[in-house]
Amino acid sequence: MPANLPPEYFRAEEKYLTARSTEEKMKALEEMLRIVPKHKGTENLRALLKRRMAKLKEEMEKKAGKKGGERFYVKKEGAAQVALLGMPNCGKSTLLSSLTNARVEIANYPFTTLKPTPGMMEFNEVQIQLVEIPGIIRGASLGKGMGPALLSAARNSDGITLVLDLSNDPEEQYHILMEELNRSGIRLNENPPNIKIERRGSGGIEIRGLNKIRATESEVISLLREYGVYNALVVINEKCSLEELSEALDERLVYRRCRLVGNKLDLPESKRNLRKLERNIKDEIIAVSAKTKENLERLKREIFGMLNLIRVYTKTPGGKIRRPPVVLRKGATVEDVAKLIHSEIARNMRFARVWGNSVKYPGQHVGRDHVLMDGDVVELH
Ligand SMILES: Nc1nc2c(ncn2[C@@H]2O[C@H](COP(=O)(O)OP(=O)(O)OP(=O)(O)O)[C@@H](O)[C@H]2O)c(=O)[nH]1
Ligand SMILES: [Mg+2]
């Protein structure tokens with residue numbers, strides 16, 4: 001236990017030790033983590049607190065699962081699934097019906113939508129599934145309402161669109177949503193620590209890149225034990241702290257791209273609230289009106305953009321370009337395209353010709369490892 005922790009810490013710890021519900025325990029742990037000063041001498045403690053929080057989250061999720069997680073699962077369709085997440089009555093259903101083919105109930109009171117509801121949005125010949133998640137409220141991640149089940153529906157998506165009602169204290173909504181998402185282990189627009197952990201059947205712990213972590217080998221090993229890892233290859237690829245290793249070990253953390261939407265821009269008080277919000281938070285806000293459809297084209301473009309997808313058009317030699325395009329992740333190669341069409345084709349392919357942004361001249365010959373770009377046309381040989 002590091003010395004010179006402030007007295008508030010011990011008060012919070014007292015709360016933790018006497019807490020009766022998981023909710024109270026989680027709050028006390030969060031408080032302890034906030035209070036612990038950040039320096040070398042407290043890294044062990046911070047990592048341990050994170051580990052305790054991860055365990056609690058696991059318990060809470062198990063309970064939520066029993067309550068009905070299954071029926072909140074929406075089967076993925078299209079190139080990607082994007083969750084529309086916001087507080088009750090912010091206009092998620094109105095957005096869903098303006099952006100997609102879904103026909104949904106819209107009403108001026110909270111909790112109109114009671115289960116995740118999908119719709120299909122088209123952008124540039126790509127089908128993207130939007131899923132309205134019923135309203136998130138303060139305390140959702142601690143078990144309030146169907147909170148944990150709703151948040152796990154959001155975890156299941158490939159990307160998240162946060163919706164704020166600009167006419168009604170958007171800054172407060174923003175902070176509530178951020179807190180709930182963070183607590184439920186959904187990290188927005190962040191990258192996971194670059195640490196690879198490969199569990200093994202035996203052989204103990206092997207660590208590569210130990211000089212990059214601000215901790216001793218025995219500290220690393222005892223943290224791994226805390227997470228039940230006794231046999232593994234751990235490769236540390238960037239400078240990091242013990243706390244970051246703790247995050248890398250927490251298998252329930254998910255990392256998602258996210259866009260922030262301010263809705264109801266058409267209402268009189270919204271513009272002023274928007275300007276204030278823009279001054280006070282660092283994230284960019286896409287201001288729209290689901291009702292008048294103002295700025296919805298930009299929103300579609302942003303949603304497509306955050307997903308890091310590329311469209312690739314295929315053709316046979318001498319044939320016509322096939323539509324719609326195949327959709328892949330950024331960084332995909334000619335071989336990935338061939339595999340999507342047929343494994344046989346992927347095996348027998350000798351080369352490809354490509355037209356578009358990834359090549360210097362039209363119809364260029366490339367190999368199977370060639371990395372494609374959005375809008376490319378590919379002819380497989
Ligand atoms: N003026 C204005 N009203 C809007 C806009 N979007 C939604 N509304 C209104 O806001 C109210 C709530 O809209 P919904 O789309 O049902 O909101 P929701 O977020 O789906 O609500 P829940 O499902 O209950 O969480 C309705 O009265 C809508 O007509 C908008 O862009 N401008
Ligand atoms: Mg709704």
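Coordinate-derived values only; no laboratory data. Fair warning: this is a prediction, and the values are worked out from it, not measured in the lab. Positions of Cβ are backbone-derived with ideal geometry, glycine not excepted, and every protein chain shown enters the neighbour counts.
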- Message: Could you give each residue of the stretch 120-129 its phi-based ³J(HN,Hα) in whole Hz, using Karplus coefficients 6.51, -1.76, 1.60 with θ = phi - 60°, and x for Gly or Pro?
- Response: 9, 9, 10, 9, 6, 6, 10, 8, 10, 8
- Report the normalised scattering of the stretch 136-263 as log10 I(q)/I(0) at q = 0.13, 0.20 Å⁻¹, calculated by the Debye formula with identical scatterers on the alpha carbons. -0.66, -1.06
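How much length would be gained if the chain were fully extended between V235 and K75, taking 0.36 nm per residue of separation minus their Cα-Cα distance, in nm to one decimal? Display every interim value, and only then the final one.
On the way: separation 160, 0.36 × 160 = 57.60 nm, distance 3.47 nm.
The V235-K75 span can extend by a further 54.1 nm.
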- Item | Of K27/K271; K320/K360; K271/K300, those spanning more than 24 Å from alpha-carbon to alpha-carbon | K27/K271
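Suppose every Lys and Arg Cβ carries +1 and every Asp and Glu Cβ carries -1, with no other charges. What dipole size does the stretch 193-241 come out with about its Cα centre, to the nearest 20 debye? All intermediate terms of the calculation are to be shown ahead of the outcome.
On the way: 8 positive and 6 negative charges, 25 e Å.
Rounded to the nearest 20 debye, it is 120 debye.
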- Query: E379: net charge of surrounding residues, Cβ under 9 Å, Lys/Arg +1, Asp/Glu -1, itself excluded?
  - Reply: +2
- Message: Within the chain, which is the longest segment that contains none of the GluC sites (Glu not before Pro) sitting in a DSSP loop with at most 16 other Cβ atoms within 10 Å?
- Response: 295-381
- Message: For a quick check of your reading of the filter: which chymotrypsin sites (Phe, Trp or Tyr not before Pro) in the stretch 104-210 sit in a DSSP loop and have no more than 16 other Cβ atoms within 10 Å?
- Response: F111
- Query: Listed here are the pairs K50/K264; K62/K92; K57/K92; K55/K239; K62/K330; K50/K239; which of them are more than 30 Å apart at the Cα?
  - Reply: K50/K264; K62/K330
- Task: Would you grab the residues whose amide H sits under 5 Å from the one on Q127? Only those 5+ places off in sequence or on another chain, please, with H modelled 1.01 Å from N.
- Result: A79
- Message: Which residue, H365, T316, T333, has the largest displacement toward the positive end of the dipole of the stretch 309-380 when charges sit on each Cβ (Lys, Arg +1; Asp, Glu -1)?
- Response: T316
- Message: List the residues, sorted by chain then number, that are 5 or more residues from L307 or on another chain and whose placed amide H is less than 5 Å from its amide H.
- Response: none
- Query: What are the aspartates and glutamates whose alpha-carbon lies under 14 Å from the alpha-carbon of K76, with same-chain residues fewer than 8 places away excluded?
  - Reply: E132, D158
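Stick to Cα atoms and the Kirkwood definition of Rh, then tell me Rg/Rh for the chain. List each step's numbers first, then the result.
On the way: Rg = 24.1 Å, Rh = 23.6 Å.
For the chain, the value is 1.02.
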- Task: List the residues whose amide H sits under 5 Å from the amide H of K291, counting only those 5 or more places along or on another chain, with H placed 1.01 Å from N in the peptide plane.
- Result: K264
- Query: Once every DSSP H run of n ≥ 4 in the chain is given -39500 (n - 2.57) and the sum is divided by its residues, what mean residue ellipticity at 222 nm do you get, rounded to the nearest 500 deg cm²/dmol?
  - Reply: -11000 deg cm²/dmol
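Would you calculate the volume per residue, in Å³, of the smallest convex hull containing every Cα atom of the stretch 309-380? Don't skip to the end; give the middle numbers.
Values: hull volume 5.5 nm³, N = 72.
Residue-normalised Cα hull volume stands at 76 Å³.
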- Message: With only alpha-carbon atoms in the gyration tensor, what are the semi-axes of the equivalent ellipsoid for the stretch 193-241, in Å, largest first?
- Response: 17, 12, 9
- Message: If you take every DSSP beta bridge fully contained in the stretch 185-276, what fraction is antiparallel? Give it as a percent rounded to 5.
- Response: 40 percent
- Query: For the stretch 183-188, what does the Karplus curve 6.51 cos²θ - 1.76 cosθ + 1.60, with θ = phi - 60°, yield as ³J(HN,Hα) per residue in whole Hz, taken in order and with x for Gly and Pro?
  - Reply: 5, 8, x, 9, 9, 9
